[in-house]
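Asks: Got a structure for you, questions after.
The values are calculated or read from the model by the stated rules, or taken from the named source; none is laboratory data. The model shown is predicted, which means the values in this text are computed figures rather than measured ones. Methodologically, a virtual Cβ is constructed for each residue, glycine included, from the backbone with ideal geometry; neighbour enumeration extends over all protein chains shown.
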Amino acid sequence: MSRVSSKTYPVKKSPVVVAHISDFHIGSYHFVANLMNRTIHELNELRPDIVVVTGDLTNEGFRQEYLTAKSYLDNLECENIVIVPGNHDSRNVGYLHFQELFGPLFRCLEYEGVFIMGVDSSEPDLDDGKIGREKYGWIVNNFQSTDGFKIFALHHHLLPVPGTGRERNIVYDAGDILELLIYAGVDLVLTGHKHVPYVWRLEDMYLVNAGTISSLRLRGHTKPCYNLIEIREDDVRVLRKYPFGGSDVIARFGAGAGETQRELSGVVREIISTDI
């Protein structure tokens, strides 16, 4: 059993709903436009307060891929959108197109007691990630300037994700970043990158990895999906939603959450059942 958290959150609206989508890979032959359109349609029906996009909008960072990605995102009816680039977006000097079409690589957004920081973890033409020591003070200072529910969003995951094979693409300075985030009182970290949804708990901070919403480049029996986060004063629920399908609660924390049972990921569970 995990520990019971007694934290409460000073949100001004209950719930504040955050949609977390990732890894479109527009331009790849694995990209499925029907899944992308369906996700946009579902989000417009669900009407989240904030949409967070954790990178790999494109497959090769080409301008036409970016323009296609923007045409999809322009159909979102949400006014509060935080977008960060992924490693695929920074290929072929694609980060220039990102900044022209979507704005700064590092940004903050505050809404009804929820504070979101989006950061660029990509390195041009590399699959590995890095935040960089020069950004550490900026990260801590911005988080310490708010007492709201704190979310940190980046493309690369900060902890290895089960079922993704040999770990090669973690953030180079992940240890430093994790220490900074815990010190700054961050509540939730949102990432993408490996197309495998998963949740980690590290002290009182949750790290939620998203799957892909529109690519069939999938591992094992994972399916295209995205996350919905419902933030209340004493309770936070993280749901996994499948385009054309239902949803499951994958994490719950806060003063009203009670105890939750840690479950094995689907991939690891399949390996164990095969070996027994």
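Asks: Scanning the stretch 178-197 for residues that are under 16 Å from the mean Cα position of the chain (by Cα) and part of a helix (DSSP H, G or I), which turns out surrounded by the most Cβ atoms within 10 Å (Cβ to Cβ)? Let's see the steps before the verdict.
Replies: Just the residues of the stretch 178-197 that are under 16 Å from the mean Cα position of the chain (by Cα), to begin with: 178, 181, 186-197.
Filter again for part of a helix (DSSP H, G or I), leaving 178, 181.
Working: Leu178: 19, Leu181: 24.
By that ranking, first place goes to Leu181.
Asks: Could you tell me whether any residue of the stretch 17-33 is of a type in the set (Asp, Glu) and surrounded by fewer than 18 Cβ atoms within 10 Å (Cβ to Cβ)? Give the derivation first.
Replies: In the first step, residues of the stretch 17-33 are kept if they are of a type in the set (Asp, Glu); the result is 23.
Within this subset, residues satisfying the condition of being surrounded by fewer than 18 Cβ atoms within 10 Å (Cβ to Cβ) are none.
Checked against the condition, which is being of a type in the set (Asp, Glu) and surrounded by fewer than 18 Cβ atoms within 10 Å (Cβ to Cβ), the stretch 17-33 yields no hits at all.
Asks: Name every residue in the stretch 71-116 that is assigned to a helix (DSSP H, G or I) and surrounded by fewer than 17 Cβ atoms within 10 Å (Cβ to Cβ), in order of residue number.
Replies: Ser71, Val93, Leu96, Gln99, Glu100, Leu101
Per-residue answers, yes or no, for (1) in contact (Cβ under 8 Å) with a residue 40 or more places away in the chain; (2) not hydrophobic (A, V, I, L, M, F, W, C):
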{"site": "Asp125", "(1), (2)": "no, yes"}
{"site": "Lys130", "(1), (2)": "yes, yes"}
{"site": "Asn142", "(1), (2)": "no, yes"}
{"site": "Ala153", "(1), (2)": "yes, no"}
{"site": "His157", "(1), (2)": "yes, yes"}
{"site": "Gly175", "(1), (2)": "no, yes"}
{"site": "Val196", "(1), (2)": "yes, no"}
{"site": "Trp200", "(1), (2)": "yes, no"}
{"site": "Leu207", "(1), (2)": "yes, no"}
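Asks: Related question: Restricting to the stretch 94-137, name every residue that is under 25 Å from Phe62 (Cβ atoms) and of a type in the set (Gly, Ala, Ser).
Replies: From the stretch 94-137, those under 25 Å from Phe62 (Cβ atoms) are 94-107, 118-130; that's our starting set.
Correct list: Gly94, Gly103, Gly118, Ser121, Ser122, Gly129.
Asks: In addition: Is one or more of the residues making up the stretch 162-174 among the aliphatic types (A, V, I, L, M), within 30 Å of Val11 (Cα to Cα), surrounded by fewer than 24 Cβ atoms within 10 Å (Cβ to Cβ) and at pLDDT below 95?
Replies: Going residue by residue through the stretch 162-174, those that are among the aliphatic types (A, V, I, L, M) are 170-171, 174.
Of the ones still in play, those that are also within 30 Å of Val11 (Cα to Cα) are 174.
Still in the running and surrounded by fewer than 24 Cβ atoms within 10 Å (Cβ to Cβ): 174.
Okay, now just the ones that are also at pLDDT below 95, so 174.
Yes, the stretch 162-174 has at least one match.
Asks: Let me ask another. Would you check which residues across the stretch 198-214 are under 22 Å from Glu42 (Cα atoms) and in a strand (DSSP E or B) and list them? Walk me through it before giving the result.
Replies: The first filter runs over the stretch 198-214 and keeps only residues under 22 Å from Glu42 (Cα atoms), leaving 198, 208-214.
Scanning the stretch 198-214 gives Tyr198, Val208, Asn209.
Asks: Now for a separate question. Of the residues that sit in the stretch 123-143 and are in contact with a Phe, Trp or Tyr (Cβ under 9 Å, 6 or more places away or on another chain) and farther than 19 Å from Gly175 by Cβ, which one is surrounded by the most Cβ atoms within 10 Å (Cβ to Cβ)?
Replies: Here the answer is Asn142.
Asks: Could you please tell me which pairs satisfy a Cβ distance under 9 Å, a separation of 6+ or placement on different chains, a first residue in the stretch 88-107 that is of a type in the set (Val, Ile, Thr), and a second residue that is modelled with pLDDT under 95?
Replies: These pairs meet every condition: Val93/Pro124; Val93/Asp125.
Asks: Here's something else I'd like to know. Looking at Ser273, is it among the small types (Gly, Ala, Ser), in contact with a Pro (Cβ under 6 Å, 6 or more places away or on another chain) and either at pLDDT below 95 or within 29 Å of Ser214 (Cβ to Cβ) (or both)?
Replies: no
Asks: Going by the conditions given, is Leu264 in a strand (DSSP E or B) and either at pLDDT 90 or above or over 16 Å from Lys150 (Cα atoms) (or both)?
Replies: On the way: in a strand (DSSP E or B): no; either at pLDDT 90 or above or over 16 Å from Lys150 (Cα atoms) (or both): yes.
Against the criterion (in a strand (DSSP E or B) and either at pLDDT 90 or above or over 16 Å from Lys150 (Cα atoms) (or both)), Leu264 does not qualify.
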